[in-house]
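Take a look at the structure set out below.
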Amino acid sequence: MSATVAVILALAVGTYAFRLVGPVLHGRVVLPARVRELLSAGAVVLLVALLATGALTEDGGFAGWARPAGVSAGGILAWSRAPFVVVVLGAAVTTALLRAAGVA
Amino acid sequence: MRSVRRTSPVRDPELLRDVALVCLASGVVGVSFGAISVAGGLPVWVPVLMSLVVYAGSAQFSAVGILLAGGGPVAAAVTGLLLNTRTAAFGLAVAETIGRSWPARLVGAHLVTDETVAFALAQTGPERRRAAFWLSGVGMFAVWNAGVLAGALAGGALGDTARYGLDAAFPAVLAALVLPALRQDAGLRRAAPAGAAVALAVTPAVPAGVPVLLALTGLFAYGRRRPA
C-alpha cells in the first residue's frame, strides 16, 4: 500500500467518523434544548468564520484585494435582498473583472 | 398548523435553481482540483478516489497541495483531518434534518459539507430543511465527482480557474445563506462577528482548520437562552 493510498484512507475514515457523530447520536442522546440551540448557533458561527477566512485569507496570509472585493459585492447584494443567483454571480464577476484588470 | 404552500419543498423552483448554481460552481472547482492534481504529477485515480471517499473540497486541495509540495503523507493527512473537524459540529447541527433511518444516517453523514449545511439551515421548517439538505447533498456529490474526473482526464484545459472568480463565489454563497439567520437572531449578530474576528486574528499563527474551530469561542457572546 503506497503512502498516497494511506493518506486517502486516513482522510476518508477520519472525515467520515467526524461526520457520523451527529447522525449516530441523534435519537440516542437527548440533548437539552440549550445545547441544541448552541449547536445550531455554532453552525452559523462556523459558517460565518469560514466566510471571513475564505474571503480574506489564503495559506495563512492575505488573499489579495480581488477576492474580498468580490465577496463584499456579494455581501452587499445579499444584504439588499438580491436573488441568490445575483449574489453569487455578482461576487464571481466582480473578482473576475478585477483580476482581468490586473488587480490580484 | 400546516400552512398552505403553492409548491412542495422538493419542487420549489427557487431552491432547485439555487442548488443548481452552487452545483455548477462546485463542479468547476472540481474540474480544477482534478486538473491541478494531475498537472502536479499524481495519477488520475488519486484525485478521483479521494473525491469519492473523502469528499471535502478544502481538505482535498490542502492534502494534494502538501503531497505535491513534498510535505509528506502524515502532514497531508493531519492537515486535511484538522480542516474537517468542523464537519463534526455540522453533523450534530443537521442530525435531525438528515433523518432517523440507518441508510439515511450513513449516506447523509457523507454529504455533510459547508454548503449542504448552509442550504439546510437557511430553510424554515423541518420538511424544507430535509429537502434542501438532500437535494444539495446528492447534487453536489454527483457534480463534484464528475467535475474532478473530467478535470483529471482533461488536464489544464480550463486554464487558471482563479480568473473566473469562483474563490469569491463560495464565501458569497455562505453570506447569502447565513444572512437570514443573522437578521433574525440578535445573539448570532454578536456571536458570529466575534467568532469570525477570532478566526481571522489567529489565521497567521495556527495550522489550517484551527481558526474556524476557535471561532466557536464567539458563542460566549451568544447570550442567554431565548424565550421559547
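The values are calculated or read from the model by the stated rules, or taken from the named source; none is laboratory data. For clarity, every value in this text was computed on a predicted model and none was experimentally measured. Cβ: placed from backbone, ideal geometry, glycine included. Neighbour counts: every protein chain shown.
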Would you point out the residue of the stretch A:23-50, among those that are small (Gly, Ala, Ser) and over 19 Å from the mean Cα position of the chain (by Cα), that is nearest to the other protein chains (Cβ to nearest Cβ)? A:Gly27
Within the bounds of the stretch A:65-87, is there any residue that is under 23 Å from B:Val107 (Cα atoms) and surrounded by 22 or more Cβ atoms within 10 Å (Cβ to Cβ)? no
Would you confirm, using the coordinates I've provided, whether A:Val93 is without any contact (Cβ under 8 Å) to a residue 40 or more places away in the chain, surrounded by fewer than 20 Cβ atoms within 10 Å (Cβ to Cβ) and more than 7 Å from chain B (Cβ to nearest Cβ)? no
Report yes if B:Gly195 is within 28 Å of A:Ala33 (Cβ to Cβ), assigned by TED's automatic domain parsing to the domain that holds B:Val78 and at pLDDT 95 or above, otherwise no. no
Here are some conditions: (1) in contact (Cβ under 8 Å) with a residue 12 or more places away in the chain; (2) in contact with a Ser or Thr (Cβ under 9 Å, 6 or more places away or on another chain). B:Ala162 meets all but one. Which one does it not meet? (1)
Report those helices (runs of 4 or more DSSP H) wholly inside the stretch B:117-228 carrying at least 1 residues which are crowded, with 17+ Cβ neighbours inside 10 Å, within 17 Å of the chain's Cα centre (by Cα) and of a type in the set (Ser, Thr, Tyr). B:126-154
Candidates A:Val88, A:Val5 - the one that is without any contact (Cβ under 8 Å) to a residue 60 or more places away in the chain and either more than 20 Å from the chain's Cα centre (by Cα) or not in a helix (DSSP H, G or I) (or both): A:Val5
Answer yes or no as to whether A:Leu51 is part of a helix (DSSP H, G or I) and hydrophobic (A, V, I, L, M, F, W, C). yes
Filter the stretch B:41-87 down to the residues that are closer than 30 Å to A:Arg36 by Cβ, surrounded by fewer than 18 Cβ atoms within 10 Å (Cβ to Cβ) and not hydroxyl-bearing (Ser, Thr, Tyr) and list them by number. none
List every residue pair whose Cβ atoms sit under 7 Å apart, with the two residues 6 or more apart in sequence or on different chains, where the first one lies in the stretch B:56-80 and is within 18 Å of A:Leu9 (Cβ to Cβ) and the second, anywhere, is of a type in the set (A, V, I, L, M) and assigned to a loop (DSSP other than H, G, I, E, B). B:Gln60/B:Val54; B:Ser62/B:Ala208; B:Val64/B:Leu42; B:Thr79/B:Ala208
State whether the residues of the stretch A:11-18 include one that is of a type in the set (Phe, Trp, Tyr) and not in a helix (DSSP H, G or I). no
Taking the stretch B:58-110 as the search range and keeping residues that are among the basic types (Lys, Arg) and over 26 Å from B:Leu214 (Cα atoms), which one is nearest to the other protein chains (Cβ to nearest Cβ)? B:Arg105
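Results for (1) closer than 24 Å to B:Thr79 by Cα; (2) more than 10 Å from chain A (Cβ to nearest Cβ); (3) not polar (S, T, N, Q), shown as yes or no for each residue.
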| site | (1), (2), (3) |
| --- | --- |
| B:Ala118 | yes, no, yes |
| B:Trp134 | no, yes, yes |
| B:Leu149 | yes, yes, yes |
| B:Phe170 | yes, no, yes |
| B:Leu213 | yes, no, yes |
| B:Gly223 | no, no, yes |
Taking the conditions exactly as written (modelled with pLDDT of 95 or more, facing chain B (nearest Cβ under 8 Å), under 17 Å from the mean Cα position of the chain (by Cα) and not in a strand (DSSP E or B)), does A:Gly70 satisfy them or not? yes
Of the candidates B:Ala131, B:Ala146, B:Ala150, the one satisfying the condition of being touching a Pro at 6+ places or on another chain (Cβ under 6 Å) and either in the same structural domain as B:Phe90 (by TED's automatic domain parsing) or closer than 20 Å to B:Gly91 by Cβ (or both) is B:Ala131
Return the only residue of B:Ala95, B:Ala118, B:Ala176, B:Ala104 being touching a His at 6+ places or on another chain (Cβ under 6 Å), of a type outside the set (Phe, Trp, Tyr) and within 27 Å of A:Arg34 (Cα to Cα). B:Ala95
